[in-house]
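Below you'll find the structure, written out as C-alpha cells, and then a few comments.
The values are calculated or read from the model by the stated rules, or taken from the named source; none is laboratory data. These numbers were taken from a predicted model, which means no experiment stands behind them. Cβ sites come from the backbone with ideal geometry, for glycine too, and all protein chains shown count toward neighbours.
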Amino acid sequence: MKRSCLRLALPLLLAGSIPAQLSAPRIGVVRYANHTVRVVYGVPSNFVIADQMLDSADAISFSNSGGLVAKDGKIQIFASGQSTALSEYTSADSAPVLNLDGELTTAVAWLPASHVLLHWTGQSFAATNVIPGVITGAVSSLRLSGPDKVELLATQSGGEVLKVSISLQTGNPISSDVLPGVQGPAFLQSNFVVFHDDQGLEIESANGLRHTLPMPAADLAAERMSNDWLHISSASTKQDWALHLSNTALDLSALPGSAR
C-alpha cells in the first residue's frame, strides 16, 4: 500500500472538472464494455457522454464524493475534483468488487482470489482477511453497513442470493441469510435490492415490496455511477442503462452507446 503519484489521462475525473460547454447536471461516471470510462451529464432520457476520462479500467465505483478505480492489479481511491489518487492498493485479484456510495470512508472492496475485504479508513487502505469458505458463491455487490461491518450479496450455484455480514475487525461472519425470491446477480442500492427475473428488472425495498421495470436482457451487470445512480449493462444485447434509484426517485433510462 502506497500513496500514488499517478495521474489520470484527462482531468474530467469528478465534478470539479466539468467542461465549460457542458451545463447539464452531472449524473455520474460510467465504464463501458470496452473498459473506457466516461462522465455522464444530463437528465433522465436525455444524457450527454463526455470525452473519455480513462482509456481502460477493470472496475469502478463512484459516489458524489469520489471514486474507486481498479486497473492492472491496483485499486485507487480519488476525492472529488482531484485527478491524483489519494492512495492505492496492489492486489493480484483480477476481478475485484468495488463500492463507494457516500463519503470516501464508505469505500469497500471484495478481493475474491485473496479472500480480503478492503476498506478506506480516511487515511489509508486497510485489509481484513476472511477465512476461505465463509463467503460462498460469486459476490456481485457489497457495502459498508456500519463502522465495522460489511454486507455482501453472493449468488449461489442454484441462483439464490445470500446476504452475508462480515466483521471488518475480525473477518468473521456475523450473519448469513437467504433473500427470498431474489435471483442473482443482485445489487445493493440504498435500501433496495436490484435484480433480474422472468418479469424484468426487479426493485425490492427493505419491506419486501417490489417494483418491476420491463427489461428483456437477463445477463445484467451493475456498477455505481454516483450516490443514487447505477449503470446497468447487458453484454448480450450490448445495451446500457442508467438507473436512478433512491427513496424518492425511480427511473430507468437508456444510455448512449460507446465504441465497443
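General remarks:
- Index of the failed condition, Thr136 passing every other in (1) among the hydroxyl-bearing types (Ser, Thr, Tyr); (2) part of a strand (DSSP E or B); (3) surrounded by 13 or more Cβ atoms within 10 Å (Cβ to Cβ); (4) without any contact (Cβ under 8 Å) to a residue 40 or more places away in the chain: (2)
- Those residues of segment 70-90 which are assigned to a strand (DSSP E or B), within 16 Å of Leu117 (Cα to Cα) and out of contact with any Lys or Arg (no Cβ under 9 Å at 6 or more places or on another chain), in sequence order: Ala70, Lys74, Ile75, Gln76, Ile77
- Qualifying residues in segment 88-109 (those that are within 11 Å of Ile75 (Cα to Cα) and not small (Gly, Ala, Ser)) - the one nearest to the chain's Cα centre (by Cα): Leu98
- Residue match in segment 175-195 (condition: in contact with a Pro (Cβ under 8 Å, 6 or more places away or on another chain), in a strand (DSSP E or B) and not acidic (Asp, Glu)): yes
- Segment 196-209 - residue that is in a strand (DSSP E or B) and among the charged types (D, E, K, R) and, of those, nearest to Pro147 (Cα to Cα): Glu204
- When Gly81 is tested against the conditions (1) modelled with pLDDT under 95; (2) closer than 19 Å to His35 by Cβ; (3) touching a Leu at 6+ places or on another chain (Cβ under 9 Å); (4) not hydrophobic (A, V, I, L, M, F, W, C), the lone failure is (2).
- Filtering Asp228, Asp219, Asp240 for residues that are under 18 Å from the mean Cα position of the chain (by Cα), without any contact (Cβ under 8 Å) to a residue 40 or more places away in the chain and surrounded by 15 or more Cβ atoms within 10 Å (Cβ to Cβ) leaves a single hit, Asp228.
- The condition of being over 25 Å from Ala249 (Cα atoms) and free of Cβ contacts under 8 Å to residues at least 40 places away in the same chain holds for only one of Ser94, Ser83, that being Ser94.
- Verdict on Asp93 being out of contact with any helix residue (DSSP H, G or I) (no Cβ under 8 Å at 6 or more places or on another chain), acidic (Asp, Glu), part of a strand (DSSP E or B) and at pLDDT below 95: no
- Options Leu68, Leu162, Leu117, Leu144: the member that is in contact with a helix residue (DSSP H, G or I) (Cβ under 6 Å, 6 or more places away or on another chain) and touching a residue at least 24 places away in the same chain (Cβ under 8 Å): Leu144
- Restricting segment 99-108 to residues that are more than 19 Å from Leu162 (Cβ to Cβ) and without any contact (Cβ under 8 Å) to a residue 60 or more places away in the chain, the residue that is surrounded by the fewest Cβ atoms within 10 Å (Cβ to Cβ): Glu103
- Output for segment 228-260, where each listed residue is over 21 Å from Gln52 (Cα atoms) and assigned to a loop (DSSP other than H, G, I, E, B): Asp228, Ser236, Thr237, Ser246, Asn247, Thr248, Ala249
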